[in-house]
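What follows is a set of notes on a single structure, which appears directly below.
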Amino acid sequence: MHERAPSSSFEAAFSLVSGVDGWLSEGQAHRLWSSARALDPAAQIVEIGSYRGRSAILLALAAPPGSQIVAIDPHAGNDRGPQQWEGTSQEGQNDNRLFNANLERAGVTGVVRHVRAPSQGALGEVNGQVSLLYVDGAHRYRPALADIQAWGARVAPGGTMLIHDGFSSVGVTLALMRALFANRHWAYRGRTASLVEYERIEVGSAGMPANFGRQIAQLPWFVRNLIVKVAVLAHAWPVARALGHRDRSWPY
């Protein structure tokens, strides 16, 4: 149970995670924080893919007292981040050590329950419905689809699902297209860069075309991201800059 008082402001919360490694921009962090902040007491939050704790800390600082926060990550060395699909057990163990150290430094060790297991193997570790689901696990198509479908089914009516690297990662975007574009139970609520938000409500036949169209409208930005990634790999910086990518980081 979440006994720690939530952070008084996003700025204070973000300052605590500014030095924690991860791929969550300030704008994306604000969307994640706001979603958790809006929850009722006793809400259950599940995060898939924790890496070194950047998003888990934000969730813990934003969530109301009485909430439950579960961070799921096997810290096995694989699927650690951009271009890091395969790693070593030593890298995973180091991620786990830093994850715990970062949570302790932020004062949220007793707030977050870490389940060190693959996301599909952790389904039995969480009881009841989920109010807020944050999906940032393996970005390959099959595991991303499995997370969206299996964990998305656990989200309560009216609940929120946030998915990182939507319309940026090929695997995640294909999973969105397969699972959500024509899904009557999920309404697209927008995105902050690649952090995509859905609400679990009945869209209805009348609302389906507009819901589908809002998601299709994001595909040009997806194509832009693919071109930027190719430019970054090829060190074609003028191409990346022409597309609005101002630094040499991987787009997310």
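Please treat every number below as a calculation from the coordinates, not as lab data. Keep in mind the model is a prediction, meaning the values are calculated, not measured. Because the Cβ atoms are built from the backbone with ideal geometry, glycine has one as well, and the counts that use them run over all protein chains shown.
At a glance:
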| read-out | value |
| --- | --- |
| Where the Cα pairs of the chain fall when distances are cut into 5 Å bins, in % | 1, 6, 14, 18, 20, 17, 13, 7, 3, 1, 0 |
| The range 180-216: GluC sites (Glu not before Pro) in DSSP loop, at most 12 other beta carbons within 10 Å | GLU202 |
| Amide H contacts under 5 Å for TRP186, placed H, 5+ residues apart | ILE201, VAL203 |
| Efficiency of FRET between GLN90 and ILE227 - r from beta-carbon atoms, R0 35 angstrom, step 0.05 | 0.50 |
| Antiparallel content of DSSP bridges confined to the chain, in %, to 5 | 35 |
| Candidates LEU233, LEU16, LEU32: whichever shows maximal mean-square fluctuation once the chain is modelled as a Gaussian network with Cα springs under 10 Å | LEU233 |
| LEU195 long-range amide H proximity, modeled H, under 5 Å | ASP165 |
| Integer Hz, Karplus 6.51/-1.76/1.60 couplings in order for the range 238-251, x for Gly and Pro | x, 5, 4, 5, 5, 9, x, 8, 8, 10, 9, 7, 6, x |
| Pairwise FRET efficiency - GLN129 versus ASN78, Cβ, R0 = 30 Å, nearest 0.05 | 0.55 |
| Amide N proximity, the range 172-193 versus TRP250 label position 7 Å along Cα-to-Cβ, cut-off under 14 Å | 172 |
